[in-house]
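Engineer: A single structure is presented below for examination.
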Amino acid sequence: MSELNRVARLSPGRRLVLAATLLAIVGAGQGAFAQSGPYDYRVLATNRTSTMEKELNEAADAGFRFVTVMAARRPSAVTRRSPC
């Protein structure tokens, strides 16, 4: 399933949390995320620990590295990679 299809299936409340999370990442560009060059970000949010572990491993295989964890209604992990 593509990332866009996965987002489209989220409830409106979860889409709002996802949008707020992404805006926080972009807005934090002058803080902990500031590095030279652009990055691709992926936010992972799951209800189960085993699913989070699986998705973190898949993200790592795709070249993403763990950045931080957030907790809203459910734990979320932020990962990033260089587009190069």
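Coordinate-derived values only; no laboratory data. Keep in mind it's a predicted model, so treat the numbers as computed, not measured. With ideal geometry, Cβ positions are generated from the backbone for all residues, glycine too; neighbour counts draw on all protein chains shown.
Engineer: Could you please report the charge total around residue 77, scoring K, R as +1 and D, E as -1 over all other residues with beta-carbon less than 14 angstrom from its beta-carbon?
Structural biologist: Details: positive: 42, 48, 54, 65, 74, 80, 81; negative: 53, 55, 58.
Surrounding charge for residue 77 is +4.
Engineer: What ranking of 82, 50 emerges when the number of other C-beta atoms within 10 Å of each C-beta is taken as an exposure proxy, fewest first?
Structural biologist: Going from sparsest to densest Cβ surroundings: 50, 82.
Engineer: By how many nm would the segment from residue 74 to residue 14 grow when fully extended, if each residue of separation counts as 0.36 nm and the alpha-carbon distance is taken off?
Structural biologist: 20.6 nm
Engineer: Please compute the net charge surrounding residue 51, taking Lys and Arg as +1 and Asp and Glu as -1 over other residues with Cβ under 11 Å from its Cβ. Intermediate results must be reported in sequence, preceding the final value.
Structural biologist: Details: positive: 48, 54, 74; negative: 53, 55, 58.
Net of charged neighbours comes to 0.
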